[in-house]
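Reviewing the structure listed below.
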Amino acid sequence: MSGKIERSIEELYQDDAERADAVAFGREVGPSRRGFLGGGALATMSAAVGGAIPFAAFMPGGLIPAALAQGQPAAGAPAAPAAPAAAAPAAPKGPQHLNFPGKDPKLVLLGDRPLVAETPAELLDDAITPIGKFYIRNNGQIPDPAADPDKWKIGIDGEVNKTVEITLGEIKAKFKAQTRRFVLECGGNGRAFFTPAARGNQWTNGGAGCAQWTGVRLADVLKMAGVKPSAIYTAHYGADVHLSGDAKRPTLSRGVPIAKAMDENSMIVWAMNGEPLPNIHGGPVRLLYPGWTGSASQKWLTRIALRDKEHDGPGMTGFSYRVPIKPMVPGDKADPKNFRVLMSMPVRSIITSPANGAKIAAGTKELKLRGASWAGDLTVKKVDVSIDFGATWKAAKLEKPANKYDWQRFTASVTLPSDGYYEVWARATDSKGAMQPHQSGIWNPQGYGGNAMHRIAVLVG
Ligand SMILES: Nc1nc2c(c(=O)[nH]1)N[C@H]1C(S)=C(S)[C@@H](COP(=O)(O)O)O[C@H]1N2
Ligand SMILES: [Mo]
């Protein structure tokens, strides 16, 4: 089979969806085209996705079939038809996989300098994400593991009554520990689905995981130093050296408003899933601000400064971890004044079983689905699933979180009218009524907050 041609039609979709539609569907399309994929066009599209499409009539124009999207054609999908698309640029490499001690080799490498890897959705099928499956996001060099974790020092300074230096050992001895399940999610999760493409690691939906974290309340440690009324923002520093090798240049230094820092769920943590926090995840000690962009959760924490204004370290300014206040024209030049710091993450759901590209036995009539959903500072009110390109939706059974900021698992069962190619779509609605959009919402140059509905391709028979 020719991977090259598959890639080509996918690239054409990314480049010019209307034109790709015309190619795939075998004719020019108008703005109101819906359905009526007859004869040759239907055969062409079916060949592209690997099977008959029972709900072809509901397939939206310009939609990149899930079987061809995300750079990973569904298993078993034959080559897309040869078309003028063959003139598209040479096929890029397929996904590269992570090779890192203790990590599942199915993690997808998004970058090796700095090291960044995401988790395929089907690996997020556990209530608590095992460490081996948890995504990795670094901005700088990975420090060597600490020789003696309990001697690790953290400084607290700035707008405090007294500057404090405390070791991890002292933190463990002095303050009451708590263990909670929190989702940690990269601010760029979902970036791959922006059109035009946004700059940065092309996360699909796997820049997130839910672990069980043990540590103390950040508020308790800050109170020990005495938070002055003038303290309105934190500034975090870690031990990782900048990629340039310049030891004086912080790799990433983010902060949060003091209210978030004082929240009982904001923690200094040293254990993940009951094990000492692995070095790659910021061990021996890191911050954890659940529900907020992962970039706030400083790894290898060495210092917290309290500031009397919004922090302006690397990762706080320009378009870095910032989102538009008012929507902007996708691809346009962005105005820095129209941007604010990214804080809470938007609502998202992922289907964790079956896997994208799953092949199911012929004659299967009932398809069982599992997944996870979360919504930043909010909770998830409902998750709906569809197997007919969104023509009809069915409510999934949604579990309660074990504690605030835990993800909510869901299950659903859908009835398949016949064998063929299906897309399973999932959309979550948060407790304030915001629902995941069909396409990534408010475009921004670095692609934050993209939370388009999750779609997977399933081939029955
Ligand atoms: N010191 C330090 N902390 C950091 C980062 C970093 O590069 N350096 N990356 C941040 C980002 S962008 C994310 S998404 C999370 C990722 O945490 P993980 O690698 O444990 O999954 O850590 C955050 N904390
Ligand atoms: Mo991130």
Does Ser373 satisfy the criteria of being surrounded by fewer than 24 Cβ atoms within 10 Å (Cβ to Cβ) and either of a type in the set (Ser, Thr, Tyr) or at positive phi (or both)?
no
Which numbered condition in (1) away from ligand 2 (no atom under 16 Å from the Cβ); (2) among the charged types (D, E, K, R); (3) under 27 Å from the mean Cα position of the chain (by Cα) is the only one that Glu159 fails?
(3)
Quick one: would you say Trp425 is over 22 Å from the mean Cα position of the chain (by Cα) and outside the structural domain of Asn201 (by TED's automatic domain parsing)?
no
Going by the structure shown, is Glu366 more than 23 Å from Ala428 (Cα to Cα), touching a residue at least 40 places away in the same chain (Cβ under 8 Å) and more than 16 Å from ligand 1 (Cβ to nearest atom)?
no
Of all residues in region 327-348 being assigned to a strand (DSSP E or B) and under 14 Å from the mean Cα position of the chain (by Cα), which is nearest to Met453 (Cα to Cα)?
Arg348
Going by what's in this entry, would Phe194 be described as more than 14 Å from ligand 1 (Cβ to nearest atom), of a type outside the set (Ser, Thr, Tyr) and surrounded by 19 or more Cβ atoms within 10 Å (Cβ to Cβ)?
yes
Test set (1) under 30 Å from Ser440 (Cβ atoms); (2) over 19 Å from the mean Cα position of the chain (by Cα) - Pro284 fails condition number
(1)
Mind listing whichever residues of region 130-153 are away from ligand 2 (no atom under 16 Å from the Cβ), within 11 Å of Ala211 (Cβ to Cβ) and touching a Ser or Thr at 6+ places or on another chain (Cβ under 9 Å)?
Lys133
For region 163-172, indicate whether the set of residues that are at pLDDT 95 or above, within 16 Å of ligand 1 (Cβ to nearest atom) and in contact with a Cys (Cβ under 6 Å, 6 or more places away or on another chain) is non-empty.
no
For Ala239, indicate whether it is within 13 Å of ligand 1 (Cβ to nearest atom) and in contact with a Cys (Cβ under 9 Å, 6 or more places away or on another chain).
no
Long-range neighbours under 8 Å by Cβ, at least six apart or interchain, first residue closer than 17 Å to Tyr237 by Cβ and in contact (Cβ under 8 Å) with a residue 24 or more places away in the chain within region 276-295, second in a helix (DSSP H, G or I) and within 16 Å of ligand 2 (Cβ to nearest atom)
Leu287/Ala296; Tyr289/Ala296
Could you say whether any residue in region 211-225 is in a strand (DSSP E or B), within 15 Å of ligand 1 (Cβ to nearest atom) and of a type in the set (Phe, Trp, Tyr)?
yes
Within region 428-461, residues under 15 Å from the mean Cα position of the chain (by Cα) and of a type in the set (Asp, Glu) come out as none
Single residue of region 125-182 satisfying the filter (basic (Lys, Arg) and touching a residue at least 60 places away in the same chain (Cβ under 8 Å)) that is nearest to Trp300 (Cα to Cα):
Lys153
List pairs: first in region 314-336 and more than 18 Å from Ser297 (Cα to Cα) and free of Cβ contacts under 8 Å to residues at least 40 places away in the same chain, second surrounded by 18 or more Cβ atoms within 10 Å (Cβ to Cβ) and not hydrophobic (A, V, I, L, M, F, W, C), Cβ under 6 Å, 6+ apart or cross-chain?
none
Only one of Ala412, Ala428 is among the aliphatic types (A, V, I, L, M), crowded, with 24+ Cβ neighbours inside 10 Å and in a strand (DSSP E or B). Can you tell me which?
Ala428
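The values are calculated or read from the model by the stated rules, or taken from the named source; none is laboratory data. Predicted, not measured: the structure shown is a model, and the values here were computed from it. No Cβ is skipped: glycine too gets one built from the backbone with ideal geometry, and neighbour counts run over all protein chains shown.
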